[in-house]
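Data first, discussion second: the structure below is written as C-alpha cells.
The values are calculated or read from the model by the stated rules, or taken from the named source; none is laboratory data. No experiment lies behind these values; they were computed from the predicted model shown. Note that we place each Cβ from the backbone using ideal geometry, even for glycine, and neighbour counts take in every protein chain shown. Note: accessible area is taken over every heavy atom of the protein model, side chains too, but ligands, DNA and RNA are not part of it. Shrake-Rupley method; radii C 1.70, N 1.55, O 1.52, S 1.80 Å.
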Amino acid sequence: LYVADAFGVVQVDLRNHSSHEVDAGPSNTLAGADGLYWYRNSLVAIQNSFGLPRVAQFRLSPDGRRVTATTILEFRTPFVALPTTGAIDGSQLYFMSNTQVDNFRDEKIVDPTKLEPVRISAVPLQN
C-alpha cells in the first residue's frame, strides 16, 4: 500500500505494520500528489500542490522503496489547470484536468461566472 501527502510517498506494509518513505532519487520529487495510483510496478501521481501541476509515472525498484525512473506524462499544457482525481482504465490514466478548486472556498463557489465545463484528460501509461 502506498500513501501520499504534501511531502512525499510512504510504502506501508500491512502484514507487519511497517512503513518506509519512498526515495524519489536526486532532482526528483514525489511531493504534492493529489491522486496516487498503482500501475505495473510504478506509481502514477497527479501532482498539483507544488505550483507546477503535472502527471508523472514513477517506476519503482523491486522492493518498491526507490524510484528508478520518472516519466512526465503531462506538464503545463493549455488544456490542463489544477488537475486531480483520476482512474486507470487499461493503459490510460483519465483525470479531471480543470477542477477549478481555486474558485471554491468555505464550501462555496467564489465566483460562478468563472466556472467552466469540467474537462477529462487521458494520458497513456508506460509499460
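Out of the residues in the stretch 22-49 that are assigned to a strand (DSSP E or B), without any contact (Cβ under 8 Å) to a residue 40 or more places away in the chain and open to solvent by 30 Å² or more (accessible area, probe 1.4 Å), which is nearest to residue 82 (Cα to Cα)?
Result: 36.
Report the residue count in the stretch 69-127 for those that are touching a helix residue (DSSP H, G or I) at 6+ places or on another chain (Cβ under 9 Å), assigned to a strand (DSSP E or B) and within 24 Å of residue 50 (Cβ to Cβ).
Looking only at that region, the number is 2.
Any idea which of (1) open to solvent by less than 20 Å² (accessible area, probe 1.4 Å); (2) modelled with pLDDT of 95 or more is the one residue 69 doesn't satisfy?
Tallying (1) open to solvent by less than 20 Å² (accessible area, probe 1.4 Å); (2) modelled with pLDDT of 95 or more, residue 69 fails exactly one: (1).
Provide a single number: the residues in the stretch 72-119 that are of a type in the set (Ser, Thr, Tyr), open to solvent by 60 Å² or more (accessible area, probe 1.4 Å) and at pLDDT 95 or above.
The number of residues fulfilling the criteria is 2.
In the stretch 57-66, how many residues are surrounded by 14 or more Cβ atoms within 10 Å (Cβ to Cβ) and basic (Lys, Arg)?
Of the residues in that region, 2 qualify.
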